[in-house]
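Take a look at the structure below.
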Amino acid sequence: MASLSEVYSTLLDYLLPERCPLCADPSMKGYCGDCRDTFAVVTDPCSACGLSRPVELCPRNDASWHIARVVAPLTYSQPAISQIHALKFASRRFLGRALGLILAETLRSGFEIDVDALIPVPLHAQRVRKRGYNQAIEIARPVADELRIPLRIAGIRRIVATKPLAELDADARQRSIAGAFSVTRNVYGLRLAIVDDVITTGATVNALAAQLLEAGAENVEAWAVARAL
Ligand SMILES: [Zn+2]
Ligand SMILES: [Zn+2]
């Protein structure tokens, strides 16, 4: 006969069908509640840039800033850093779902959403071949499912293989990324949200937003799991 603890654990597996990617305990969806609480959130974020207010140099009034709103719930600190690194550099593709669920939950619980389609930041074809997948798509997929917003991938490409931006300072990032994207699909009149893993200077999402607006998009937001402060 099964012991009480075995019955309990079977019942828990049935009620909580997933395993938390951090602690491996049963979880309802993605990270368990306890691990979820270990991720630091950005407090009182500025809607234009996603940084904690007061923001010293908000790009809000900068003519070259094309992002109408930034939603990026987590600070780029542990355990978010190691989870995002594992997703990007250690083939832990499944982490995209758990991280995307955090973003989806934040959006659903605290934001008005008026978006026609999600645009994951494309990787250069070379990088996709090397990595096997695009982490931004892995994050965007559960967001699209949860919020019932279509994902748009085809016709939006990264045509310049930029150096890893982490190696560059802010000015060099800006120069390196301008013109890195090409938009050949019809986005006319659409309200779009770009999805990425982490927003650092914002140069990447801003450059893609510029291309989408030039192609006729009506409005572009940027959604990411984390915001580097
Ligand atoms: Zn856990
Ligand atoms: Zn701001």
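Go through (1) buried (at least 17 other Cβ atoms within 10 Å of the Cβ); (2) small (Gly, Ala, Ser); (3) assigned to a loop (DSSP other than H, G, I, E, B) for ALA161 and report which single condition fails.
(1) is the only condition that ALA161 fails.
Answer yes or no as to whether LEU103 is in a helix (DSSP H, G or I) and modelled with pLDDT of 90 or more.
yes
Between a residue in segment 198-209 that is on the phi < 0 side of the Ramachandran plot and any residue that is modelled with pLDDT under 95 and assigned to a helix (DSSP H, G or I), which pairs come within a Cβ distance under 6 Å, given they are 6 or more apart or on different chains?
That search, which allows pairs on different chains as well, returns THR201/ALA170; THR201/ARG173; ALA203/ARG173; ALA203/GLN174; ALA203/ILE177; THR204/ILE177; ALA207/ILE177.
Scan segment 178-210 for residues that are more than 17 Å from ALA136 (Cα to Cα) and surrounded by 22 or more Cβ atoms within 10 Å (Cβ to Cβ) and jot them down.
Matches in segment 178-210: VAL187 only.
Quick check: anything in segment 54-72 more than 16 Å from ligand 2 (Cβ to nearest atom), small (Gly, Ala, Ser) and assigned to a loop (DSSP other than H, G, I, E, B)?
No, segment 54-72 has no match at all.
Being in a helix (DSSP H, G or I) and either within 16 Å of ligand 2 (Cβ to nearest atom) or loosely packed, with under 13 Cβ neighbours inside 10 Å (or both) is the filter here, so list the residues in segment 31-53 that pass it.
GLY33, ASP34
Inspect segment 7-30 for any residue being surrounded by 16 or more Cβ atoms within 10 Å (Cβ to Cβ), within 14 Å of ligand 1 (Cβ to nearest atom) and within 16 Å of the chain's Cα centre (by Cα) and give the result as yes or no.
Yes, segment 7-30 contains a residue that is surrounded by 16 or more Cβ atoms within 10 Å (Cβ to Cβ), within 14 Å of ligand 1 (Cβ to nearest atom) and within 16 Å of the chain's Cα centre (by Cα).
Where the second residue is outside any helix (DSSP H, G or I) and of a type in the set (Ser, Thr, Tyr) and the first is touching a residue at least 12 places away in the same chain (Cβ under 8 Å) and surrounded by fewer than 21 Cβ atoms within 10 Å (Cβ to Cβ) and lies in segment 131-151, which pairs have Cβ atoms under 9 Å and are six or more apart or on separate chains?
ARG131/SER91; GLY132/SER91; TYR133/SER91
The values are calculated or read from the model by the stated rules, or taken from the named source; none is laboratory data. Just so it is clear, the structure is predicted and the values come from calculations on it, not from any experiment. A quick note on method: Cβ atoms are made from the backbone with ideal geometry, for glycine too, and the neighbour counts reach across all protein chains shown.
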